[in-house]
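Worksheet for the structure shown next.
Since every read-out is calculated from the coordinates, none of them should be taken as a lab result. These numbers come from a predicted model, not from an experiment. Neighbour counts are summed over all protein chains in view; Cβ atoms, including those assigned to glycine, are modelled from backbone coordinates with ideal geometry.
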Amino acid sequence: MTVDGSRIHYQQYNAGDADKPGLLFVHGMWAHLHWWDHIVPFFLDRFRIVAIDLGGMGDSETRPEYSAQGFRDEIIAVLEDAGLAPATVVAHSFGATPAVFACGRRPDLIARAVIVDSRLNIPTAPGPLPDKSDRMPYKRLYADPAEAISRYRLIPPGGTVPTDVLRHVASHGLRKEDAGWVWKFDLAIDPQLFHSPAGLIPAGIVTPIDYIFGEESKSVPRAHAMAIGDYLPNCGVPIGLPGAGHHILLEDPELLVSVLRAVLSRPV
């Protein structure tokens with residue numbers, strides 16, 4: 001589908017289950033929809049599931065410029081195109097800001113949202129936002145997929161990811177160019193894009209939101225997670241996962257599945 005002139009890719013896992021409530025998964029920075037592949041199967045019995053490749057990542061096209069509002073509109077467009085509404089949206093890290101923006105823009109489309117380890121930009125943040133040290137410095141070329149996969153590292157570092165899971169997300173993140181193999185994400189996307197006034201989470205988001213964070217996350221200090229819970233008017237008490245880092249969905253898929261099941265079993 002096309003959103004504001006760029007092709008946006010999404011995947012439907014069980015489109016025939018039209019009677020089930022909708023569930024949309026949104027990935028984080030420099031990622032793609034296959035980051036959710038070890039989570040999705042555990043929810044097919046209850047939900048009709050879709051996952052999105054945000055613009056400039058995965059199999060979606062790049063954009064001349066990127067913004068929270070642009071990513072928000074992609075999420076809204078996918079919800080409408082796939083006929084998921086009223087849906088649950090589960091978003092990790094970078095994907096959480098546009099997901100929350102979508103809640104504010106189109107509350108009719110989103111019944112509830114679950115945010116996973118995202119340092120949302122809120123005016124009541126207890127400390128400074130991180131610097132730009134996570135920015136990718138240059139485009140890397142690899143002779144073949146094996147070389148690229150062997151050098152794949154998560155940003156930020158931290159936590160232990162099973163080898164098969166890491167290889168899976170790395171292999172789905174590559175594309176072939178004439179000069180060699182490259183990662184699919186657009187280096188023009190600033191990882192600190194939302195840490196500006198334009199990325200500030202607006203007050204008064206009424207959509208029910210649950211917030212999950214890793215107790216060992218290098219991205220979201222506990223104090224910031226608690227501040228998010230206080231700031232969002234319809235947010236439950238933030239849920240800290242002991243031993244979990246920022247990349248919870250890769251580090252321990254079973255743990256995240258168990259928590260999501262508990263959260264999504266509660267009535268809105």
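If you wrap a convex hull around the C-alpha atoms of the range 1-88 and split its volume per residue, what is the figure in Å³?
On the way: hull volume 7.5 nm³, N = 88.
Enclosed volume per residue, from the Cα hull, is 85 Å³.
Counting only the backbone N, which residues of the range 223-244 are under 17 Å from the spot 7 Å out from the Cα of THR124 toward its beta-carbon?
Flagged as within label range: 223-239.
How many lysine pairs are close in the chain, with Cα atoms under 23 Å apart and the two 8 or more places apart or on different chains?
Working: LYS132/LYS184; LYS132/LYS218; LYS139/LYS176; LYS139/LYS184; LYS176/LYS184.
Number of lysine pairs found: 5.
Please give the length that would be gained between LYS218 and ARG153 if that part of the chain were fully extended, namely 0.36 nm times their separation in residues minus their C-alpha to C-alpha distance (nm, one decimal). Don't skip to the end; give the middle numbers.
Working: separation 65, 0.36 × 65 = 23.40 nm, distance 1.52 nm.
Contour length minus Cα-Cα distance gives 21.9 nm.
Averaged over every viewing direction, what's the projected area of the C-alpha convex hull for the range 100-256? Give it in nm², one decimal, please.
Numbers: hull surface 42.0 nm².
With every direction weighted equally, the projected area is 10.5 nm².
Could you please tell me the mean projected area of the C-alpha convex hull for the chain, averaged over all directions and given in square nanometres to one decimal?
That works out to 13.4 nm².
Give the order of VAL268, VAL257, VAL89 when sorted by the count of other beta carbons within 10 angstrom, beginning with the fewest.
Details: VAL268 10, VAL257 17, VAL89 30.
Going from sparsest to densest Cβ surroundings: VAL268, VAL257, VAL89.
Sort PHE185, PHE94, PHE25 so the one with the fewest other Cβ atoms within 10 Å of its own Cβ comes first.
Working: PHE185 20, PHE94 24, PHE25 27.
Taking fewest neighbouring Cβ atoms as first place, the list is PHE185, PHE94, PHE25.
Which length gain, in nm to one decimal place, applies between ALA85 and ASP59 when the Cα-Cα distance is subtracted from 0.36 nm times their residue separation? Each step should come with its number before you reach the end.
On the way: separation 26, 0.36 × 26 = 9.36 nm, distance 2.35 nm.
Stretched fully, the ALA85-ASP59 segment lengthens by 7.0 nm.
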